[in-house]
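The values are calculated or read from the model by the stated rules, or taken from the named source; none is laboratory data. Remember, predicted model here, so these are calculated numbers, not experimental data. Here the Cβ positions follow ideal geometry from the backbone for every residue, glycine too, while neighbour counts run over all protein chains shown.
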Amino acid sequence: NAGVTQTPKFRILKIGQSMTLQCAQDMNHNYMYWYRQDPGMGLKLIYYSVGAGITDKGEVPNGYNVSRSTTEDFPLRLELAAPSQTSVYFCASRQGNYGYTFGSGTRLTVV
Amino acid sequence: DQQVKQNSPSLSVQEGRISILNCDYTNSMFDYFLWYKKYPAEGPTFLISISSIKDKNEDGRFTVFLNKSAKHLSLHIVPSQPGDSAVYFCAASDGATNKLIFGTGTLLAVQP
């Protein structure tokens, strides 16, 4: 009963480096989401997907890219890391109108 | 443009008393509202939801009230317990966009 799994849990990047945050769900959910949480700012939607092969921008997509080649996986790519991308990143999935299921987060620091 | 607002960053309540967390929204297209609870170093967990066709939904100690005319919802926890201490996020969605928009959260501290 894994739910939504995010890796890594922590990462420190240097400015200009790139990395991929992994997200996988085993519930066969069609919808998947990436959020970032900054202190005092709640969760902001970066990208989302309504099914394999379909992705769309959220509120704060700049500096990120996503892909959805399978139902299970929804990786988030940072190409040129910037200090403004220091945040906690959450992946979520849902099916129908039930509550979203969130992963435990990836804490990213860009120095 | 903050479409979902939680104006109280923090709330402190005595154990056994009622906790009331408030949330306001601006988008009249929102038709589904949810509350999430978040502990440090964990992802948010779903608590309770309400559809716009209802004005109240109850689940054990948790009740959510929706006032559509005022674009306001609230979460009542009674009786409050120390284990309820966490950050509570209000969130809203509309069926057309498939997006969930979150408020900034309220940190609830329940004192023993």
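Here are some notes:
- Looking only at residues of the range B:3-20 that are part of a loop (DSSP other than H, G, I, E, B) and in contact with a Gly (Cβ under 8 Å, 6 or more places away or on another chain), we find that the one that is surrounded by the most Cβ atoms within 10 Å (Cβ to Cβ) is B:6.
- When the residues of the range A:79-92 are filtered to those that are farther than 11 Å from residue A:110 by Cα and in contact (Cβ under 8 Å) with a residue 60 or more places away in the chain, the one that is surrounded by the fewest Cβ atoms within 10 Å (Cβ to Cβ) is A:79.
- Residue A:77 falls short on exactly one of the conditions (1) modelled with pLDDT of 95 or more; (2) in a loop (DSSP other than H, G, I, E, B), and that condition is (2).
- Residue selection: residue B:74 fails the criterion of being among the hydroxyl-bearing types (Ser, Thr, Tyr), within 13 Å of another protein chain (Cβ to nearest Cβ) and more than 19 Å from residue A:93 (Cα to Cα).
- Test: residue in the range B:11-32 that is within 9 Å of another protein chain (Cβ to nearest Cβ), in contact (Cβ under 8 Å) with a residue 60 or more places away in the chain and not aromatic (Phe, Trp, Tyr): no
- Being at pLDDT below 95, within 14 Å of chain A (Cβ to nearest Cβ), under 10 Å from the mean Cα position of the chain (by Cα) and outside any strand (DSSP E or B) is a condition met by at least one residue of the range B:90-104.
- Restricting the range B:21-45 to residues that are loosely packed, with under 15 Cβ neighbours inside 10 Å and of a type outside the set (S, T, N, Q), the residue that is farthest from residue A:41 (Cα to Cα): B:29
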